[in-house]
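Each remark here refers to the structure printed beneath this line.
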Amino acid sequence: MSRQSSGLIFIVLTFCYLSAHAGEKDFWNTKPYTEWNEKEVETLLKRSPWSKSVVIGTSTMGGREAASVGARGGGGFPRGGAIGTEDQEAGGGGGGRRGGGEAAPPMRPVEVLVTWYAQPVRQAMARSIALRNAESRKEEIDRLLNYPDMPYFNILVIGWRGETRGDGGEGVRKLKEETFLERKNKQKINLADIILPKGRGQPLALLFPKEVDGKPSLTLEDKEVTLRTRVGQSSIRVKFKLADMLIKGEPAL
């Protein structure tokens, strides 16, 4: 085989490899959701432009839940999904010793999933159900796929373990005060409303207006937006890159 032929084959194989991996990365742009496999569904729901995984540490002190954030690879927390990546940061909740020299209780790692509840996410949820038991849960699949257009951006915090009282408790009041979207120019999009979890395993829903003073609150020109919120005593910052949240060139927010 000539050197020229070998070089040509190498170029072709490299192109095929890169094309295949590009397709794997952005499969939501290259194939319909009805063809997504379980691994792809999991990727979109946990590690995609729409979904970010955060690991925090929680402990119970005096009947209240406190939270501490583990740095990437430190604090006894697993590296996967840990705080300190480019898109996810958190702070607060202290460790070490409490006042008076009393040692703080050990922290338990808990994963929190922050998901922008856009059409690709709903499609992935519907596909997940269909891969397991489509017939018996057809109504649930239909609700996901036919979700009405709302005047809010809906962000879910799955695994949130804060206060769930709907009567204006202190925890809820602080959550509302400290939750907002921050554009790259530091302008804030304030929280419009929250929907507290109705039971164990249910998500916290954060609602932000799509329009402010008659103008879109977010456009692709913003390039990125950062969610700032709180879990227990820990502040959390999760960055979403709007330029990556596209389906065939159209924003999917």
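Annotation note: Cβ proximity below 7 Å between a residue of the stretch 183-200 that is within 20 Å of Tyr152 (Cα to Cα) and a residue that is among the hydroxyl-bearing types (Ser, Thr, Tyr) (sequence gap 6+ or interchain) occurs for Ile189/Ser217; Leu191/Thr179; Ala192/Tyr152; Leu196/Thr164; Pro197/Thr164. Among the residues in the stretch 50-60, are any at pLDDT 95 or above, closer than 24 Å to Arg237 by Cα and surrounded by fewer than 21 Cβ atoms within 10 Å (Cβ to Cβ)? No, that holds for no residue.
Please work out if Ile158 is under 23 Å from Ala124 (Cα atoms), modelled with pLDDT of 85 or more and under 17 Å from the mean Cα position of the chain (by Cα).
On the way: under 23 Å from Ala124 (Cα atoms): yes; modelled with pLDDT of 85 or more: yes; under 17 Å from the mean Cα position of the chain (by Cα): yes.
Judged against the criteria, Ile158 is a match.
So is Glu224 of a type in the set (Asp, Glu) and touching a helix residue (DSSP H, G or I) at 6+ places or on another chain (Cβ under 9 Å) or not? The answer is yes for Glu224.
Applying the condition of being within 17 Å of Leu144 (Cβ to Cβ) and part of a helix (DSSP H, G or I) to the stretch 25-34 and asking which residue is farthest from the chain's Cα centre (by Cα) yields Thr34. Of all residues in the stretch 222-235, one or more are polar (S, T, N, Q) and not in a strand (DSSP E or B).
The values are calculated or read from the model by the stated rules, or taken from the named source; none is laboratory data. Since the model is a prediction, treat every value here as computed from it, not as a measurement. Reconstructed Cβ throughout: ideal geometry from the backbone, glycine too, with neighbour counts over all protein chains shown.
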